[in-house]
Amino acid sequence: MSLQILPRGKWVGARVKRVEDPRFLTGEARYLADLQIPGTVHAAFVRSPYGHARIRRIDTSAARALPGVLAVFTAEDVATLPPLASGLPIEGLKPTPQTVLAKDKVRFVGEAVAVVVAENRYIAEDAAELVAVDYEPLPAVTDAERAMAPDAPLLHEDLGTNVVYQKVITLGDVDGAFAQADRIFRRRFHTNRFVAAPMETRGCLSVYERSSGHLTFYSSTQMPHMLRLFLSLFLGIPEHKVRVISPEVGGGFGQKMTIYPEEVVIAYLGKVLGRPVKWVEDRRENLAAATHAKEQIIELEAAVRNDGKVLGLKARLIGDGGAYSFNTASALIEPLAAAGIIPGVYDIQAYQHEVIAVCTNKAPVGAFRAVGWTAAQTARELFFDEIARELGLDPAEFRRRNVITSDQFPYTTITGMVYDSGSYQESLERALELVGYEELRRRQAELRQQGRYLGIGISLYVEPTAWGSEIALQAGFPFPSHDNATVTIDPTGKVRVAVSVHSHGQGHETTLAQVAAEILGVSIDDVIVEHGDTDRAPWGMGTYASRSAVIGGGMVALAAQEVREKVLRVASRLLEVAPEDLEIQEGNVFVRGAPDRSLSLFQVAFAAYLDGRVRAEGEEPLLSATKFYDPRATYSNGCIVTVCEVDGETGTVHLDKIVAVEDCGTMLNPMIVEGQVMGAIAQGIGGALFEAMVYDENGQLLTDTFVTYALPTATEVPELIIEHLETPSPVTIGGIKGIGEGGLLATPASVAGAVLDAIWPAGRAIEQLPLTPERVLRALGGELGV
Amino acid sequence: MKPPAFAYERPQSLHEALEILAREGAEARPLAGGQSLIPMLALRLARPTLLVDLGEIAGLDELSLDDGTLVAGAMVRQRRLERDPLVAHHLPLLAAATRLVGHPAIRNRGTLGGSLAHADPSAEYPAVALALEAELVIRGPGGERSVPAREFFLGPFTTALADGELLTAVRFPLPSAATGWGIAEVARRHGDFALAGAVTLVERAADGTCARAAIALFGVATRPVRATAAEQALVGQPLTAETFHEAAVRATEAIDEPLSDVHGSAVYRKQIVPVVVRRALEAAAQRVQAT
Amino acid sequence: MERVPITVTVNGRRISAVVEPRMTLADFLREELGLTGTKLGCEHGVCGSCTVLWDGAAVRSCLVLAAQADGATITTIEGLATDGTLHPVQEAFWEAHALQCGFCTPGMVLTAVALLAENPNPSEEEIREALSGNLCRCTGYQNIVRAVQLAARHERADT
Ligand SMILES: Cc1cc2nc3c(=O)[nH]c(=O)nc-3n(C[C@H](O)[C@H](O)[C@H](O)COP(=O)(O)OP(=O)(O)OC[C@H]3O[C@@H](n4cnc5c(N)ncnc54)[C@H](O)[C@@H]3O)c2cc1C
């Protein structure tokens, strides 16, 4: 397989406006909630108001009696459905099966206990209130460390513990490194639990045809094919009779890359009720019951030489997995991913990590953009800043002394990741230059004299991308991962690309069309990209983990290349020249050097399908190819620098600007790359300063509205300056690397780093994110700030 | 998140509205801009049996000047207070406070009366009314009465309005020409309810000292409160940074039951009160100097 | 509950209907009129996805009852483009890559339209302030701000 099949050209690398935009701009785009199928009935879930309670009895009679109500189901009524559990093949990981409706016990506020189906959502909510659940409240545990104590309340009694995984791994000569060190530093961070909060909540619509036994399931999911497989297994409907359609999806960021109990319930209801059943999650449900993310307690220890060289690291990572070790990738999804990336861009030769995953009475934890990596990056970068200052080194200089340099690629990290290529030091230097680092440091000192707190935060990162089988393994999650594209030229010469990766804002209809157009020599106006329907592509995994540019781009390139060869073979017969002497440009096939000897793609395609004479022996009439791609691991990188000012009297943070220099190899479309980076940065600002899921000690969720759970708005996001470096990957088709997650991977560290830098040394006291005005002011000493 | 069922009426006159309210009793709720009431319905935190839409009652949305008093009808939209030349000219404090209320789309519907009747302890208008010693005009089955702001706000979301009564207008006495005003708040995000805020009025005497001061705090106690100790500390003093500092520190004395929520604890809110007070006082002093 | 008769003008069309009192304007537009371009992102007035124009002013359609809209003139995202030609604000959003998943887009576009109608030459700060009641989780807002600036320039150039 040649990696060179995808050159930069007219389309690849161009800032092409998105072809999908008009339907979104005019309101024509249809998301799940917008689908209207005659006869549809509406579901509402009855959810636990307790963090931990035994279910004594459920009385559904009043709800059933309400006019307009069709059915009320509890765990008993769905007993035939198997429980959900993580299938991650990792030794020592204890499963915590989750029934699709809570049975006997509830383990977090928002857990679904029953479901009501009614003529409309208004009535369904009325009825849900009438379902009387008799709970016996149990003591709750909402702190991961407390949950590890022997006397802690148990979530899953049969396990006898809340700890679902615990393992220490030592890599390299850790004892030696710590013995040789001049200084040993320690630090603890508790990264906040925050959530994807896509603007569109979850939702699904189940349409079952009794006569054929065929289920059509619409869901706001990132992974239609995986959902199809699991629905088939759970409901006992053969896979070929299940079709999953994911219509327009209003953001996912990882939250929609799992199988949710609600989806299984709704699919089942559609089957047993014989009417289309629709569930559109409301925001309160989304905040309480869709997966949460990113909460870890990370303790770091570093063995450091006086010149700043880090000789070794130790990390203890406790992932607070919430009530269930969720099926996305278990409660390990955070701490295990974090453990792998703790060394990051730095040349670390000795490393020990202890990974612990714990259940608590909070919502289950799943994926959210840069899962695991955000917490690891935040802890390590803030730690390194502090070490630098303790050693009297500038944080930038400290990084220079430890960073992996470009002559070291390919570089195998102590944790087994193979960094293929990159520009780690270059991105650092460029970001510092762009922000005017030296000058800023001078200004910072000046302002400090006046009692003002300017801060600069540096976050230098590497981002594992191209989530295929190899990188999954390197990142600790041994699960095969690939996807496919079918490229077809129809008899009129137009191109259809059907893919199994999914787009929910990433702009695949444009970028993947750019790839096909480049290879097939057509305009992207003549290409359409189809996704989000299991009937269009045979199988696939979906979109997550910055994989769709690399895998999607690669698989479309492979399929398009094969189709191109077919076209040339047909044209070669028509033009009576060898295929090697032919060229396709702007929809015309012509003889190289003799552009007047040409045929339109229409003529060639038409002949291929309808003129048997042009077909070689054994050749099929179809101008189509389906190709899978499971790329080698490739790693993006970059550096994000934040400048902020802290109001020393109130603890509020004003962000001045954020500079991001990123390197994702070959860019298919820089405009889209920038969009990904900026969006992820804004989420990172949220994580650093605003967003946190807060539970009280009884397991009550205090942040279940957009009033209490605060997302950044246009006034909280400062000027973002994005610059690209382009180091093509030597191991992927076209040299593409992923770009989806770096912004959220690195921004919390950068923003928090800037704040801690501003108030140094007071920032030492801060252990917990986000940096609310209150936390900042408390760190500053808490004196009345008049 | 759909509202529970209720009936709806849209009376055309105040008289009719009061009759409906009297008939329905405590389960009826006036509906003004709906920007607080409808979210509460969606979250099913309120369950009225009847909503009485005040939107078409003639005369409730008037704005006029009456002998040194700005009279604003309860149904005057917040957006209008932000932009009306009358307000900008005579009571710019009210316009400035409005810009801190939510977002334009909220203010397009939200009303002055709705905000005051809702009595969110973190809201801006109640503190403005308190600082200006506004009179709240109330109509009920028994006729009209007028309640001074300091007697109107009783606690979180609790006012002197009785069931069946409507707030119809607010009378804001205009400050003297020698009075400067300030408003300062700390909020998590732009447009959020304040974690602590202060509205200040400072009147300068001929000798340049402070003749009168009013400081109203919001976001920190169960209702808007006047920081009387701080006010007293200002009177007769020169309008200097030191004076403001000393007064600001005393502002916390006014807070008996501090607010606390996920965005800021009671300790934090109390801690930043002197900061917002001082900033609002400085702003007021600057404005008085400018005149 | 007794249903309420209303007459509303939506996207230039006069519509008479009878609605349940508790039905929000957003649900009326979406469920009764099939105008699903108006999105529901939170249903408690914070996210701004359901923003529509009410007599030209931006309003959260989840925070008004359909019954209250009696007599009002409403413009939804579906009513913005004329004869297939995008409104300058829609054009600018496209040009500036101001949308990704598209869910907040109708509310953002209409908020921007209302802003430019009253302030054809807003500063960046004014734009950010005007948009601050609308949440977007994809773009980081910068391109949305640029789009509004671009639209303002185009509209000024046209007049
Ligand atoms: C996202 C968001 C952000 C916000 N941010 C802020 C903010 O920063 N600061 C702030 O102050 N507010 C804020 N608000 C609230 C907003 O200002 C409301 O408009 C205001 O609180 C209520 O006014 P309304 O006209 O909408 O009243 P409604 O919601 O209609 O009514 C509120 C209450 O007052 C009663 N009522 C209304 N009018 C009368 C009357 N004339 N007589 C008797 N009772 C009456 C109602 O029965 C109801 O109980 C915000 C709201 C939202 C949705």
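The values are calculated or read from the model by the stated rules, or taken from the named source; none is laboratory data. Please read these numbers as outputs of a predicted model, since none were measured by experiment. Methodologically, a virtual Cβ is constructed for each residue, glycine included, from the backbone with ideal geometry; neighbour enumeration extends over all protein chains shown. For the accessible areas, the whole protein counts, side chains as well, though only heavy atoms, and no ligand, DNA or RNA atoms are used. Shrake-Rupley method; radii C 1.70, N 1.55, O 1.52, S 1.80 Å.
Observations
- Flag for A:VAL358 being of a type in the set (Val, Ile, Thr) and touching a residue at least 60 places away in the same chain (Cβ under 8 Å): yes
- For segment B:113-185, no strands (runs of 3 or more DSSP E) sit wholly inside it while including 3 or more residues that are more than 22 Å from B:GLU257 (Cα to Cα) and among the polar types (S, T, N, Q).
- Every residue from segment A:67-100 that is farther than 20 Å from A:PRO276 by Cα, in contact with a helix residue (DSSP H, G or I) (Cβ under 8 Å, 6 or more places away or on another chain) and of a type in the set (A, V, I, L, M, F, W, C): A:LEU84, A:LEU88, A:ILE90, A:LEU93
- For segment B:1-48, the set of residues classified as closer than 19 Å to B:PRO141 by Cβ, part of a loop (DSSP other than H, G, I, E, B) and either within 11 Å of chain C (Cβ to nearest Cβ) or open to solvent by 20 Å² or more (accessible area, probe 1.4 Å) (or both) consists of B:GLN12, B:SER13, B:PRO48, listed by residue number.
- Scan segment A:168-208 for residues that are among the hydroxyl-bearing types (Ser, Thr, Tyr), away from chain C (no Cβ under 13 Å) and open to solvent by less than 20 Å² (accessible area, probe 1.4 Å) and the total you get is 2.
- Test: B:ILE57 is within 9 Å of chain C (Cβ to nearest Cβ), out of contact with any Phe, Trp or Tyr (no Cβ under 8 Å at 6 or more places or on another chain) and within 11 Å of the ligand (Cβ to nearest atom): no
- If you go through segment A:7-51 and pick out every residue that is open to solvent by less than 10 Å² (accessible area, probe 1.4 Å) and in a loop (DSSP other than H, G, I, E, B), you end up with 7.
- Pair list, Cβ < 8 Å and 6+ apart or interchain, from segment C:128-142 residues that are at the interface with another protein chain (Cβ under 7 Å from one of its Cβ atoms) and in contact (Cβ under 8 Å) with a residue 40 or more places away in the chain to residues that are of a type outside the set (A, V, I, L, M) and assigned to a helix (DSSP H, G or I): C:GLY133/B:PRO104; C:GLY133/C:THR111; C:THR139/A:GLY675; C:THR139/A:GLY679
- Hits in segment B:186-207 - residues which are assigned to a strand (DSSP E or B) and either over 26 Å from B:ALA230 (Cα atoms) or within 14 Å of the ligand (Cβ to nearest atom) (or both): B:VAL186, B:ALA196, B:GLY197, B:VAL199
- The set of residues from segment B:158-194 being within 10 Å of another protein chain (Cβ to nearest Cβ), open to solvent by 20 Å² or more (accessible area, probe 1.4 Å) and hydrophobic (A, V, I, L, M, F, W, C) comprises B:ALA187, B:PHE193.
- Qualifying residue in segment C:73-84 (condition: open to solvent by 10 Å² or more (accessible area, probe 1.4 Å) and either aromatic (Phe, Trp, Tyr) or within 16 Å of the ligand (Cβ to nearest atom) (or both)): no
- Selection within segment A:416-432 - open to solvent by 30 Å² or more (accessible area, probe 1.4 Å) and either part of a helix (DSSP H, G or I) or touching a Gly at 6+ places or on another chain (Cβ under 6 Å) (or both): A:GLN425, A:GLU426, A:GLU429, A:ARG430
- Considering A:LEU460, A:LEU440, A:LEU454, the condition of being touching a Phe, Trp or Tyr at 6+ places or on another chain (Cβ under 7 Å), at pLDDT 95 or above and open to solvent by less than 50 Å² (accessible area, probe 1.4 Å) is satisfied by A:LEU460 alone.
- Enumeration of residues in segment B:216-252 that are touching a helix residue (DSSP H, G or I) at 6+ places or on another chain (Cβ under 9 Å), over 20 Å from B:LEU94 (Cα atoms) and of a type in the set (Gly, Ala, Ser): B:ALA221, B:ALA229, B:ALA230, B:ALA233, B:ALA241, B:ALA247, B:ALA248, B:ALA251
- Residue that is farthest from the ligand (Cβ to nearest atom), among those in segment B:81-112 that are farther than 16 Å from B:TRP181 by Cα and out of contact with any helix residue (DSSP H, G or I) (no Cβ under 9 Å at 6 or more places or on another chain): B:PRO85
- Residue satisfying condition, being within 25 Å of B:THR98 (Cβ to Cβ), crowded, with 24+ Cβ neighbours inside 10 Å and either basic (Lys, Arg) or within 15 Å of the ligand (Cβ to nearest atom) (or both), within set C:LEU110, C:LEU131: C:LEU131
- Test: residue in segment A:716-736 that is within 16 Å of the ligand (Cβ to nearest atom) and in a loop (DSSP other than H, G, I, E, B): yes
- Hey, B:ALA230 away from the ligand (no atom under 16 Å from the Cβ), closer than 16 Å to B:ILE272 by Cα and open to solvent by less than 20 Å² (accessible area, probe 1.4 Å) or not: yes
- The residue of segment B:113-133 that is nearest to the ligand (Cβ to nearest atom), among those that are surrounded by fewer than 24 Cβ atoms within 10 Å (Cβ to Cβ) and of a type in the set (Asp, Glu), is B:ASP120.
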